[in-house]
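Peer 1: Sharing a structure here in C-alpha cells format.
The values are calculated or read from the model by the stated rules, or taken from the named source; none is laboratory data. This one's a predicted model, so the numbers in the text were calculated from it and none came from an experiment. So basically every Cβ, Gly included, is an ideal-geometry build from the backbone, and we count neighbours across all protein chains shown.
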Amino acid sequence: MKYSILLSIAVASTTVVDAFPTLKFWQDVVPLGQQDQNNQAIFVNSQSNEGNEGVQFEIQSVDVEPQEGVEKEDLLQQYEESESITINDIIDESVYSKLPEIDSELLQASIKESNLRKRAESLFKIANYSTKKYGHPTRVIGSPGHWATIRYIISELKKLGGYYTIKTQSFNAIDGHIEDYSLLIDGVQPKSLKPLALTPPTTDKRPVHGNLVLVESNGCSLHDYPHLTKDNIVLIKRGECSFGDKSRNAGKLGAKGAIIYDSQGAVAGTLGTPNGEEVATVAVDEKDVDEYIKKLKVNPNHKFETTLYVDSYVKNISTINVVADSVFGDHDNIVSLGAHSDSVGAGPGINDDGSGTISLLEVAQQLTKYKINNAVRFAWWAAEEEGLLGSNYYASHLSKSDNKKLRLFMDYDMMASPNYEYEVYDANNKDHPNGSGNLRDLYIDWYTAHGLNYTLVPFDGRSDYVGFIEQGIPAGGIATGAEKLKDKEAKRKFGGDLGKAFDPCYHQLCDDLSNPSYEAWGLNTKLIAHSVATFAKTFDGFPKRDEGKDQVQQQSIGGDALFTRRGDLYVI
C-alpha cells in the first residue's frame, strides 16, 4: 500500500530550523528559515516578498511505499529522495474584491448533506490506510490513517483558490498503552482495579513486592509521605491535586508503586503529562481497601504484603495541528473555530470527530464565495483523544498579542451522533471569559428560530475548548452526545431510542459510515456556517477582549482547578 502525504514548510535565507524535526534532508535542499514563536511553519505570500523574510514552498503529494512496521519518522524520511518543490499563490485582491458580502442565510443554504457524505466516504477510505498496521481502520495519532487525514485536510484547503494561508504546528504528543496489570493486597485482588492512563510499568515490567503504606494526607506534598514509603507501595486518597503529582511524589521518595482510592469507585484517570518521575499507578474503589485503611491508621507498621504488576509503555509521538487563516478580513479581530483530526485507536472515528473535521472543511470551502470583514481561522487539532493535547499546546503557546486577536473560539466535536440530542455548552460571562455567554445565546437563538429543542450541557473539560478558556479566550460550542444514555426527557425533546447511548458506537470500531445521523450533521453544519458568517461580518454587541471579566487566570491542575478532566479522563 502506498501513502500520499502533503507537508508544508516555510523557508528563508537565515538560520536553519526544521519545521518538522524528522525532515533533516531539508538542510541539504534549501536554507531553512526560523519558525514563528508558536513553533509554526509560516506560509508567506509568494507573489510579493516585500517586507517578508521568506517565501512559501510546498512538498507536493508524493507516493511513498513504507516498509512493514516503519514508524512515522521513518516514513517521513523516505521523502529524502523524492521531494518536489513548487511556489504557492494566494488569492488576488482584485478577484476577492468582486465577491459579494458575507450573508449567513446564503452560506447556510450552500451546506449540502450530500457533500458531507462524500467527504465522509473519503475519510473512511483514509482510515483504512491503517488496516495493515492496526488490523482495522483508525485515524489515531501516529497511524497512516491520521497522517493521511492531515494530508487530506491540507490538500482540500489548497483547492480553495488561495483564500486561506495555512500553517502547520508540530508538537510531541504523549501516547501510552497498557498491556496487562494486576494487584494483590494480602493475597486479595480488589474487584474495582483500574490502571491510570500513561502509567509507567513496574520495574522491568515484572511484579514488584512491598508492604502497603497509607498516606494519611492527600499526597500532594512530599511531606505527606511517611518514612516507610521507600521500597513499598503507597495508598493515596484521591483529591486536592493531580494524579500525576501524587505518582511523582511517590516516585521521588522511592516507592515501588502507587494506589489511588476514591469513594466514588476506581477512577478513570490519567497521569496527564508524565516526566519520568512517576511510578506504576492504579486506582481502586475505597470500599475495596477500607479494611486496610482502618488498620493502617491504627498501626502504620502493620504489614499487608502487596504485589503490583503493570506492563505498559509511554512514548512521544510527533504530530501536527493544521491552521488555516483567511487572507482577508481584520486580523486583529479573528473568528476562530476548531475540530480534532484524530480518532481513537479502536475505530475510524467518522462521528468522533470526523463529523467536525468535515463540517469545518465544508464551511471553509463555501466561505470562499464571500467577502468578510473579520478574519476567520479554521483549526484541526491533533491528539485530542490523548487528552486535548493539540489544542492545549496551541492555546498555551500563543503570544499575548496573538491571544488578544482571537475574539472567540468555537468547538465542534461530534456533530452527528445517531441517537442525537442538540447540545449547547452552558457558558456564561461570569464563570467563563467574557463573551462565552454570548456564544451560548447565538446557538440557542438559532435552534429556537428553527423550531428545534436543545439541551444545555456543562463545560466539563471533555473537548478542545479547555485550553482557550484557560487562556482567557471566550469559547462555546455544540455537540450531539456521546456515551450517555438517552433519558425520557431527551426522548421527549429529540425522539430516538430511550435508554440507548446518544452514540452507541462512541470510541468503537462501528463509528463508520453507517453510524452518523446525516440529518443532525447537516443541520449542525448549517449552524456552524451561521456562527462563522455572523462574526465574520461583525462583532457588534460582542464584548471586546479588554472589557469586563476577560481573563480567566490559568490554573495548574490541582487546588481549585478550572477543569478536572482532559478529554474522557480525569486528571484530578
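Peer 1: What is the number of the single condition among (1) touching a residue at least 12 places away in the same chain (Cβ under 8 Å); (2) in a loop (DSSP other than H, G, I, E, B) that Lys526 does not meet?
Peer 2: In the conditions (1) touching a residue at least 12 places away in the same chain (Cβ under 8 Å); (2) in a loop (DSSP other than H, G, I, E, B), Lys526 misses (2) alone.
Peer 1: When you scan region 532-572, how many residues do you find that are over 16 Å from Leu406 (Cα atoms), among the aliphatic types (A, V, I, L, M) and at pLDDT below 50?
Peer 2: The number of residues fulfilling the criteria is 1.
Peer 1: Answer yes or no as to whether Leu212 is in contact with a strand residue (DSSP E or B) (Cβ under 9 Å, 6 or more places away or on another chain) and more than 28 Å from Asp568 (Cα to Cα). Even if it seems obvious, please write down each step before you answer.
Peer 2: Numbers: in contact with a strand residue (DSSP E or B) (Cβ under 9 Å, 6 or more places away or on another chain): yes; more than 28 Å from Asp568 (Cα to Cα): yes.
So Leu212 passes the test.
Peer 1: Among the candidates Thr138, Thr165, single out the residue that is in contact (Cβ under 8 Å) with a residue 24 or more places away in the chain and touching a Ser or Thr at 6+ places or on another chain (Cβ under 6 Å).
Peer 2: Thr138
Peer 1: Sticking with this structure for a sec: If the Cβ limit is 6 Å and pairs must be 6+ apart or interchain, which residue in region 459-477 that is on the phi < 0 side of the Ramachandran plot pairs with which residue that is assigned to a loop (DSSP other than H, G, I, E, B) and of a type in the set (S, T, N, Q)?
Peer 2: If the second residue must be assigned to a loop (DSSP other than H, G, I, E, B) and of a type in the set (S, T, N, Q), the pairs left are Glu470/Gln554.
Peer 1: On the basis of being closer than 27 Å to Ser336 by Cα, hydrophobic (A, V, I, L, M, F, W, C), buried (at least 24 other Cβ atoms within 10 Å of the Cβ) and under 20 Å from the mean Cα position of the chain (by Cα), does Ala479 make the cut? Talk me through it step by step, then tell me what you get.
Peer 2: Values: closer than 27 Å to Ser336 by Cα: yes; hydrophobic (A, V, I, L, M, F, W, C): yes; buried (at least 24 other Cβ atoms within 10 Å of the Cβ): yes; under 20 Å from the mean Cα position of the chain (by Cα): yes.
Taking the combined requirement at face value, the residue satisfies it.
Every residue, every condition in (1) basic (Lys, Arg); (2) over 23 Å from Val314 (Cα atoms); (3) in a helix (DSSP H, G or I), yes or no:
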residue	(1), (2), (3)
Pro201	no, no, no
Leu228	no, yes, no
Asp231	no, no, no
Gly244	no, no, yes
Ser247	no, no, yes
Gly251	no, no, yes
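Peer 1: While we're looking at this one, here's another question. Would you confirm whether or not region 479-491 contains a residue that is out of contact with any Gly (no Cβ under 6 Å at 6 or more places or on another chain) and among the hydroxyl-bearing types (Ser, Thr, Tyr)?
Peer 2: Within region 479-491 (the criterion being out of contact with any Gly (no Cβ under 6 Å at 6 or more places or on another chain) and among the hydroxyl-bearing types (Ser, Thr, Tyr)), the answer is yes, since at least one residue qualifies.
Peer 1: Where residues in region 232-246 are within 23 Å of His302 (Cα to Cα) and within 30 Å of the chain's Cα centre (by Cα), which of them is surrounded by the most Cβ atoms within 10 Å (Cβ to Cβ)? Full working, then the answer.
Peer 2: The initial filter retains those residues of region 232-246 that are within 23 Å of His302 (Cα to Cα), namely 232-238, 246.
Now restrict to residues that are within 30 Å of the chain's Cα centre (by Cα): 236-238, 246.
Details: Ile236: 26, Lys237: 18, Arg238: 21, Lys246: 30.
Looking at the filtered set, the residue picked out is Lys246.
Peer 1: Also: Residues that are buried (at least 19 other Cβ atoms within 10 Å of the Cβ): find the helices (runs of 4 or more DSSP H) completely inside region 374-451 holding 3 or more of those.
Peer 2: Because the criterion is at least 3 residues that are buried (at least 19 other Cβ atoms within 10 Å of the Cβ), the helices (runs of 4 or more DSSP H) in region 374-451 that meet it are 389-396, 436-449.
Peer 1: Follow-up question, since we're still on this one. Collect the residues in region 174-199 that are over 22 Å from Tyr313 (Cβ atoms), touching a helix residue (DSSP H, G or I) at 6+ places or on another chain (Cβ under 8 Å) and in a loop (DSSP other than H, G, I, E, B), keeping them in residue-number order.
Peer 2: Scanning region 174-199 gives Asp186, Pro190, Lys191, Ser192.
Peer 1: Give the residues of region 98-116 that are in a helix (DSSP H, G or I) and either on the phi > 0 side of the Ramachandran plot or surrounded by fewer than 16 Cβ atoms within 10 Å (Cβ to Cβ) (or both), sorted by residue number.
Peer 2: Hits for region 98-116 are Glu105, Leu106, Ala109, Glu113, Ser114.
Peer 1: Any idea how many residues of region 194-222 are over 15 Å from Gly254 (Cβ atoms) and either free of Cβ contacts under 8 Å to residues at least 24 places away in the same chain or surrounded by fewer than 18 Cβ atoms within 10 Å (Cβ to Cβ) (or both)?
Peer 2: Of the residues in that region, 8 qualify.
Peer 1: Does Ser517 qualify as being crowded, with 22+ Cβ neighbours inside 10 Å, at pLDDT 95 or above and within 19 Å of Val424 (Cα to Cα)?
Peer 2: Taking the combined requirement at face value, the residue does not satisfy it.
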